[in-house]
Number of protein chains: 2
Amino acid sequence: MLKDIENLPRGSRFPRSEVLAGLRLNADGLIPAIAQQHDTGEVLMMAWMNREALNETLATGSVCYYSRSRGRLWRKGESSGQVQHLKGLHIDCDGDTLLLRVDQTGPACHTGRSNCFFFRVDGDEVVITANPLIDPKTLYGGHGASGAKAGAPKDPQ
Amino acid sequence: MLKDIENLPRGSRFPRSEVLAGLRLNADGLIPAIAQQHDTGEVLMMAWMNREALNETLATGSVCYYSRSRGRLWRKGESSGQVQHLKGLHIDCDGDTLLLRVDQTGPACHTGRSNCFFFRVDGDEVVITANPLIDPKTLYGGHGASGAKAGAPKDPQ
């Protein structure tokens, strides 16, 4: 459906239900969702949504993903308190990627860092570019960094 | 491997080859790559890379993706001329998403728009938020918008 309307001018409007029905989810019923801090432009993380997560996010205004590792909805901040308030939801031209403009409470990353993209290629090396804003021990009620390494879910919280 | 080093401080360095070997590609050997304009923070698009595309991007400094629809490497701008110069390549904490900081020549989107995320949810509607910077006819040598709709690859160019 998006292909049929992509050349229409700015301001053109369509029923939300029809556009969302045309999203192209993958074989697992998931679509990638990029979270960007709405006022600074910082790319915080990327995670996945299924239709239920997307509908909940639009209904509540709090971002809900689908955790592939846990096989269930993942209400961002449910264990860390670091929620994402939705400021805007964008769909790309192919209908297979979402861009969430959010207001992130505290760090987005389960390591306590502001965003998840703290490994940067630098020549023949990779360098860590940021320190945690908050000790992950504080974020996860005493389980802490070593606990997070050993047993915590792979998704950022 | 990234899990073992994620709690180390800023400035910690590791051999690039070891970190890249620890990337978690999907079952098709692909990893999502978000392209962000390096100086404005604008999120331009998301596409996929395989190891060959990633290696070529790092070697040449021009972004190369893997086109799922065409089943081959996709040197961004190869048909449109709208290339992406790599300014920085970041890896997320899980090693399953890349963030490319780029300098985009002209529009990133095959529709001629600056970026691909021009559909925005607005209440019960979806609105188109931008007009093309360049007529797609110009980008694709006269095949134009209707040609792009009928026969062109689904990936943005």
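Every read-out reported here was derived from the displayed coordinates using simple, explicitly stated rules and does not represent laboratory data. Just so you know, these numbers come straight off a predicted model, no measurement behind them. Note that we place each Cβ from the backbone using ideal geometry, even for glycine, and neighbour counts take in every protein chain shown.
Structural remarks
- Degrees between helix B:51-60 axis and first principal axis of chain B (Cα, 0 to 90, nearest 10): 90
- Among the residues of B:34-42, the average count of other protein chain beta-carbon atoms within 10 Å of the residue beta-carbon is 3.
- Relative contact order for the stretch A:1-55, counting Cα pairs under 8 Å that sit 6 or more residues apart, in percent: 25
- Contact order normalised by residue count of chain B, Cα under 8 Å, 6+ apart, percent: 20
- Build a GNM of chain A with springs between Cα atoms under 10 Å apart, and of A:ILE31, A:ILE91, A:ILE128 the one that fluctuates most is A:ILE128.
- The trypsin sites (Lys or Arg not before Pro) of the stretch B:34-85 that meet both conditions, a loop assignment by DSSP and at most 15 other Cβ atoms within 10 Å of the site Cβ, are B:ARG70.
- Residue closest to axis [chain B; rotation mapping onto A; Cβ; Å]: B:GLY41, 1
- Label distances, nm, A:ALA59 versus same residue in remaining copies, Cβ-directed 7 Å point: 5.1
- Between B:ASP124 and B:ARG70, the contour length at 0.36 nm per residue exceeds the Cα-Cα span by 16.0 nm.
- Cα gyration tensor, the protein assembly as shown - rounded (a/c under 1.5), prolate or oblate: oblate
- Springs between Cα atoms under 10 Å define the GNM used for chain A, and in it the highest mean-square fluctuation of A:VAL126, A:VAL83, A:VAL102 occurs at A:VAL126.
- Per-residue shielding of A:10-18, expressed as the average number of other chain Cβ atoms within 10 Å of the residue Cβ, stands at 5.
- Separation of alpha-carbon centers, the stretch B:49-117 and the stretch A:31-50, rounded to whole Å: 18
- Semi-axes of the equivalent ellipsoid for chain B, Cα gyration tensor, largest first, Å: 30, 18, 15
- For A:ASP103, label point 7 Å along C-beta direction: distances to other copies, nm: 3.6
- When the helices of chain A are scored as -39500 (n - 2.57) per DSSP H run of n ≥ 4 and the total is divided over every residue, the value at 222 nm lands at -5000 deg cm²/dmol.
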